[in-house]
Amino acid sequence: MADISKSIEKVDLYEKTSGEAKYVSDFSYDDMLYARTLRSTVAKAKIKGIRFPNLPEDVHIVDYKDIPGKNVVKIIFDDQEIFPTEVVTYIGQPILLVVGKNKELLEEIIHNTIVDYELMTPIFDWVSSAVHYHFQKGKPEEAFQKATKIIEYVYDTSYQEQAYIEPQGFIGTYEEGKVTLIGSIQCPYYVKNALLQALDSKGDEVRVIQATVGGAFGGKEEFPSLMACQLAVALKKIKKPIKMIYEREEDMISTTKRHPSKSKMSAAIGENGEILAIKSNIGIDGGANIGLSGVVLSRAMIATTGAYTIENIDSSGDVFLTNTVPNGAFRGFGAPQMLFAIDLFIEHIAKDLGIDPLEYRLKYLAKQGDPTSTNGLFRDPIIMPEMIKKALEISKFKEKAKIFSRPNVSKGIGMSWFLHGCGFTGSGESTHINALVKLHKTKEENVEILIAAVDMGQGVRTTMRKLVASLLEIPIEKVIYDLPDTDKVPDSGPTVASRTMMIVGGLVARCAKKMKDSWIPGEMLLEERYLQPSYIKWDEATMTGDAYPAYSWGVNVVEVSVDKTTYEVSVNEIWSVYDLGKAIDERIVIGQADGGIVQGVAYGYLEVMNHSNGKLLQKNFTDYIIPTSMDAPKMTTVIMDNPYPLGPYGAKGVGELTLVGGAPAVAKAIEMAIGKKVFSIPVTPEKIMELMKHE
């Protein structure tokens with residue numbers, strides 16, 4: 001059998017390069033209408049009334065009064081109205097839909113509609129904690145009492161926009177009592193379950209189909225459920241096909257972002273410079289609703305010690321509600337914020353103590369058998385020492401650091417170490433998801449993969465087909481994996497949390513092995529449901545135990561130059577080493593690695609987003625700067641095999657891992673180049689200039 005890592009051509013290559021792939025905007029129906037959104041222009045207010053211009057008979061208004069079921073979007077924490085009944089809580093919040101045949105007319109109607117507001121006092125400061133978590137490991141209070149020195153720093157991170165190429169969009173029909181939506185989504189069953197609640201419908205009255213997705217990065221995890229509910233209400237009221245696709249500016253001002261964060265880090269230091277304990281307190285800005293923010297917070301807190309083992313830990317965190325656009329899922333899901341803080345914090349402790357940071361960090365590097373931050377266990381082999389050695393070698397880190405540390409060189413090199421838990425946090429895979437997969441062998445001896453996993457560019461339609469073909473020892477052309485349709489596939493869970501290959505692929509692999517062992521001519525249908533490994537224990541109330549069944553690991557090295565006059569940062573080269581278990585297709589993994597590290601590094605120095613009194617100031621790609629192909633430096637990626645026993649061919653998660661170490665690596669490189677400690681990202685020229693003022 002050929003090595004499963006050997007790359008093959010992506011199965012959707014031709015349809016995407018030829019233009020045959022159908023995105024939401026490519027679908028249309030006869031007699032189709034369009035929906036446009038009237039949005040709040042204020043951060044917080046009561047709606048006293050809405051004055052419309054004269055409306056043609058064929059223009060429809062859809063608002064909260066038309067919702068047959070609950071006026072709330074079903075997600076982890078259900079606190080977002082589909083349409084506001086009385087109060088708006090952020091600028092850009094959808095108030096109602098205007099539906100008709102002529103898009104230009106709809107825009108004109110929205111422009112001439114006046115909403116009468118009774119203004120309320122908005123909250124922009126982080127004072128209202130809606131979610132608070134806390135956990136401890138060991139005896140941190142005693143450790144702090146014994147400390148001969150306490151080192152404290154605060155680390156800030158800002159918004160990050162997912163910047164997917166294709167904006168949010170749906171098209172839908174209502175026929176014979178059934179709503180059918182085709183959308184650009186990550187989680188078909190999240191959308192379906194939200195629709196069932198909003199429409200007060202039965203399971204067979206709602207159908208959700210994934211179109212080809214033009215990028216997501218977490219931004220199409222929870223937000224599409226809001227949009228889908230609004231469109232479905234319109235479909236049920238008007239009973240004609242409707243298309244609803246956001247313009248870029250509309251998308252950017254109203255959809256979820258990465259949570260801004262503030263992490264207060266404290267370390268109790270012993271008489272020999274050893275870390276006795278670490279205390280962390282992270283606050284994240286949830287925006288106007290909680291939604292997924294509590295889960296984002298828990299993943300951030302679990303990353304309190306990153307790739308390090310610290311004996312005593314006190315970790316607390318809060319989700320703060322503000323009258324700004326709600327924040328939500330983004331590749332990494334809370335981990336990038338805390339990993340930036342902890343990796344720089346350990347580096348800063350070493351510098352304060354006058355100890356070589358590399359040697360100091362190695363002293364605390366996690367190893368197999370160590371307790372995790374939540375008192376779980378690192379059960380599987382950890383090959384980080386070999387990975388670090390490789391990264392040092394290919395980047396010539398030590399040699400360059402010696403040169404770049406000299407005065408007036410204006411170059412720097414930074415190295416980050418990190419891990420990422422694969423799958424849902426805690427017991428989420430068994431209690432919240434409970435994934436089901438099926439394999440169907442047809443009369444023609446083709447094998448259909450029936451799962452809800454979405455290919456949003458990461459290549460899962462290729463890797464899953466390759467996995468099944470390899471296990472069944474049949475040509476990949478005999479394996480069928482269509483875009484998910486909830487009328488045809490079971491709920492295998494959302495395409496999030498670095499779970500698709502390890503969790504869903506693991507179930508598919510078990511199903512394939514069962515099929516091979518029981519192969520008979522003609523049709524066969526087999527299924528497999530997720531069972532949590534018996535040794536995985538998690539206490540939700542105390543946040544203790546095994547937070548994840550497995551971890552992927554990484555090392556990033558980034559080299560930069562900083563212009564002495566303008567303080568502009570140029571990324572010269574990037575080196576990465578990853579343990580993702582086993583690559584199911586090496587070229588696809590390299591694609592994930594290249595995209596992830598560029599996105600992570602840009603989070604650290606380039607991508608600026610902020611608001612003024614609740615109004616986002618960056619609303620298109622003219623003023624929100626993301627890396628172009630000209631900004632992407634030479635990248636070298638090494639994948640080191642370390643198979644996970646329960647993963648298909650040993651595979652673990654990779655999608656988020658490749659982003660989470662980018663920001664601390666580039667921040668450390670900039671530190672070296674300018675000779676100043678960095679505490680806030682993105683490290684823009686303006687921030688560098690402020691740091692350099694204090695020569």
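Summary of computed values
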{"read-out": "Answer residue from the stretch 148-181, given it is of a type in the set (A, V, I, L, M) and in contact with a Gly (Cβ under 7 Å, 6 or more places away or on another chain) and is nearest to residue 283 (Cα to Cα) among those", "value": "165"}
{"read-out": "Counted residues, the stretch 644-695 - those being touching a helix residue (DSSP H, G or I) at 6+ places or on another chain (Cβ under 7 Å), basic (Lys, Arg) and more than 26 Å from residue 332 (Cα to Cα)", "value": "1"}
{"read-out": "Lone qualifier among 80, 93 - being in contact with a Gly (Cβ under 7 Å, 6 or more places away or on another chain), polar (S, T, N, Q) and within 22 Å of residue 168 (Cβ to Cβ)", "value": "80"}
{"read-out": "The stretch 603-613, subset in a helix (DSSP H, G or I) and in contact with a strand residue (DSSP E or B) (Cβ under 8 Å, 6 or more places away or on another chain), residue nearest to residue 418 (Cα to Cα)", "value": "603"}
{"read-out": "Some residue of the stretch 620-638 being assigned to a helix (DSSP H, G or I), farther than 14 Å from residue 595 by Cα and of a type in the set (Phe, Trp, Tyr)", "value": "no"}
{"read-out": "Failed item in (1) part of a loop (DSSP other than H, G, I, E, B); (2) of a type in the set (S, T, N, Q); (3) closer than 27 Å to residue 574 by Cα, with residue 425 passing the rest", "value": "(3)"}
{"read-out": "Residue match in the stretch 293-304 (condition: hydroxyl-bearing (Ser, Thr, Tyr), surrounded by 18 or more Cβ atoms within 10 Å (Cβ to Cβ) and not in a helix (DSSP H, G or I))", "value": "yes"}
{"read-out": "Lone qualifier among 332, 369 - being free of Cβ contacts under 8 Å to residues at least 40 places away in the same chain and under 19 Å from residue 417 (Cα atoms)", "value": "369"}
{"read-out": "Identity of the residue in the stretch 186-200, of a type in the set (S, T, N, Q) and surrounded by fewer than 24 Cβ atoms within 10 Å (Cβ to Cβ), that ends up nearest to residue 453 (Cα to Cα)", "value": "193"}
{"read-out": "Candidate set: the stretch 427-443, residues that are surrounded by fewer than 22 Cβ atoms within 10 Å (Cβ to Cβ) and at pLDDT 95 or above; chosen: the one farthest from residue 210 (Cα to Cα)", "value": "443"}
{"read-out": "Answer residue from the stretch 516-535, given it is aliphatic (A, V, I, L, M) and over 34 Å from the mean Cα position of the chain (by Cα) and is surrounded by the fewest Cβ atoms within 10 Å (Cβ to Cβ) among those", "value": "520"}
{"read-out": "Test: residue in the stretch 166-181 that is within 27 Å of residue 610 (Cβ to Cβ) and surrounded by fewer than 24 Cβ atoms within 10 Å (Cβ to Cβ)", "value": "yes"}
{"read-out": "Candidates 552, 492, 561, filtered to the one that is buried (at least 20 other Cβ atoms within 10 Å of the Cβ) and under 30 Å from residue 388 (Cβ atoms)", "value": "552"}
{"read-out": "Filter result (assigned to a loop (DSSP other than H, G, I, E, B) and of a type in the set (D, E, K, R)) within the stretch 655-695", "value": "656, 676, 677, 695"}
{"read-out": "Complete set of residues in the stretch 592-627 that are aromatic (Phe, Trp, Tyr) and either within 30 Å of residue 471 (Cα to Cα) or crowded, with 22+ Cβ neighbours inside 10 Å (or both)", "value": "603, 605"}
{"read-out": "Residue 11 vs. criteria in the same structural domain as residue 215 (by TED's automatic domain parsing) and surrounded by 13 or more Cβ atoms within 10 Å (Cβ to Cβ)", "value": "no"}
{"read-out": "Of all residues making up the stretch 108-129, the number that are touching a strand residue (DSSP E or B) at 6+ places or on another chain (Cβ under 7 Å), surrounded by fewer than 14 Cβ atoms within 10 Å (Cβ to Cβ) and not aliphatic (A, V, I, L, M)", "value": "4"}
{"read-out": "Top-ranked residue of the stretch 632-646 - restricted to ones that are out of contact with any strand residue (DSSP E or B) (no Cβ under 7 Å at 6 or more places or on another chain) and not hydrophobic (A, V, I, L, M, F, W, C), ranked as nearest to residue 604 (Cα to Cα)", "value": "641"}
{"read-out": "Unmet requirement for residue 439, which otherwise passes all of (1) closer than 28 Å to residue 307 by Cα; (2) part of a strand (DSSP E or B); (3) aliphatic (A, V, I, L, M)", "value": "(1)"}
{"read-out": "Residue check, residue 470 in contact (Cβ under 8 Å) with a residue 40 or more places away in the chain and assigned by TED's automatic domain parsing to the domain that holds residue 342", "value": "no"}
{"read-out": "Matching residues, the stretch 579-591, being part of a helix (DSSP H, G or I) and surrounded by 24 or more Cβ atoms within 10 Å (Cβ to Cβ)", "value": "589"}
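The values are calculated or read from the model by the stated rules, or taken from the named source; none is laboratory data. Owing to the predicted nature of the structure, the values given are computational and were not obtained by experimental measurement. Cβ coordinates were reconstructed from backbone atoms using ideal geometry, including for glycine residues, and neighbour counts include every protein chain displayed.
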